[in-house]
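Asker: One structure coming up, written as structure tokens, with questions to follow.
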Amino acid sequence: MRIEDIKIELNTKKIDENNWEINKWRKEYPVDYFKMAAMLLNPDEAILRDEVFKALYKIIRLYIPDTVYKYYSLDVSEKRDEENLDTLYKGKVYMSEIKGFNDPFDGRAFFYNPKELENIERLKHCGGRLIDDFSEFVRVSCFTGNGVQSMPMWAHYANNHKGFCVAYDVKDSMDLKSCLFPVQYTNQRLDISSEMVKQAQKLVKSIDKTHQKGDLVTMLEDKTLIYLPQLLYNLKHTSWSNEKEYRCIIASNAKGMPFIDAKPKAIYIGRDCSDKHAHCLFDIADEHEAKIYKMGFNDYLDNYELVYEEFKK
């Protein structure tokens, strides 16, 4: 799907603010990053694109829940265990590079064709390539809205129930509140070649002007190539939809990278977590005045689900 072919249709339906239900609204109008990207690129002026992104950002905030969860592995390696526990103790969350994710096709929901840029003289020597990897612009951390009842999440991301899960209060963390985006699941990919041609042409003009002035550094005010990844790296293939993912996305050069501040609201210890790690998690919970629970399974309940109870040393 080419981005220039996306039709932008504004919703003119009036909303009764007195009877507005946010969960009903979210279901009726699911987040659509394809249309948001098209809206972002609609104006040519960089300053107008800034305003469009700010407006889209405010809309996206309406899709963010009050609480998100993150699963962590333990018993992987001593170094990795120490890193996970130390990061939690410090009230931090690690921001990863997308190329290190478990899915090698993550972040591949959008692309551009270098052949369409080969007519630009300055790009001929590099085969029309302007950017090799958009993911270098951002750092990402993944959360879920599934809560602690997801057996696949415990198996895949908490090392077969040996790890733990942390609940974070979004309202209590300025970093989380500002950088969380809901993930949209799709089986389509977005071709942004036409926009990349425009960006390359702008860049060439800017470089020529800079050289004429005798300057060595070219400064661009257009933040489009920062805004697009912030939107489009929240697209994943439909086969991952059961994870109900939310992503914290921040510029890779932001202050504090590769960590953000996020204190735990509650910690859930995996059923098969070792006593050593469980006691360490108890101390961390105590440090942050967070609630702490131990996961389990009741063999005599009719409901096929995980259970948890308050953990005490």
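The values are calculated or read from the model by the stated rules, or taken from the named source; none is laboratory data. Source: prediction; values computed, not measured. Using ideal geometry, Cβ is built from the backbone for each residue, glycine included, and neighbour counts are taken over all protein chains shown.
Asker: Given Lys205, Lys171, Lys209, which one is within 23 Å of Tyr63 (Cβ to Cβ) and either without any contact (Cβ under 8 Å) to a residue 24 or more places away in the chain or not polar (S, T, N, Q) (or both)?
Answerer: Going through Lys205, Lys171, Lys209 in turn, just one is within 23 Å of Tyr63 (Cβ to Cβ) and either without any contact (Cβ under 8 Å) to a residue 24 or more places away in the chain or not polar (S, T, N, Q) (or both): Lys171.
Asker: Can you pull out every residue in the stretch 1-28 that is under 20 Å from Tyr233 (Cα atoms) and part of a loop (DSSP other than H, G, I, E, B)?
Answerer: Selection gives Met1, Ile6.
Asker: Let me ask something else about it. Within the stretch 29-54, take every residue that is assigned to a loop (DSSP other than H, G, I, E, B) and farther than 20 Å from Ser193 by Cα and give me the one that is modelled with the lowest pLDDT.
Answerer: Tyr29
Asker: How many residues does the stretch 262-313 contain that are part of a helix (DSSP H, G or I) and charged (D, E, K, R)?
Answerer: 5
Asker: Regarding the stretch 180-199, can at least one residue be identified that is over 30 Å from His237 (Cβ atoms) and either surrounded by 16 or more Cβ atoms within 10 Å (Cβ to Cβ) or basic (Lys, Arg) (or both)?
Answerer: The answer is no; no qualifying residue exists.
Asker: Something else now. Can you go through Lys236, Lys255 and tell me which one is under 30 Å from the mean Cα position of the chain (by Cα), exposed (fewer than 14 other Cβ atoms within 10 Å of the Cβ) and either among the basic types (Lys, Arg) or not in a loop (DSSP other than H, G, I, E, B) (or both)?
Answerer: Lys255
Asker: Quick one: is Ile98 surrounded by 15 or more Cβ atoms within 10 Å (Cβ to Cβ) and in contact with a strand residue (DSSP E or B) (Cβ under 8 Å, 6 or more places away or on another chain)?
Answerer: Yes, satisfied.
Asker: Answer yes if at least one residue in the stretch 27-37 is in contact (Cβ under 8 Å) with a residue 40 or more places away in the chain and surrounded by fewer than 13 Cβ atoms within 10 Å (Cβ to Cβ), and no otherwise.
Answerer: Yes: one or more hits.
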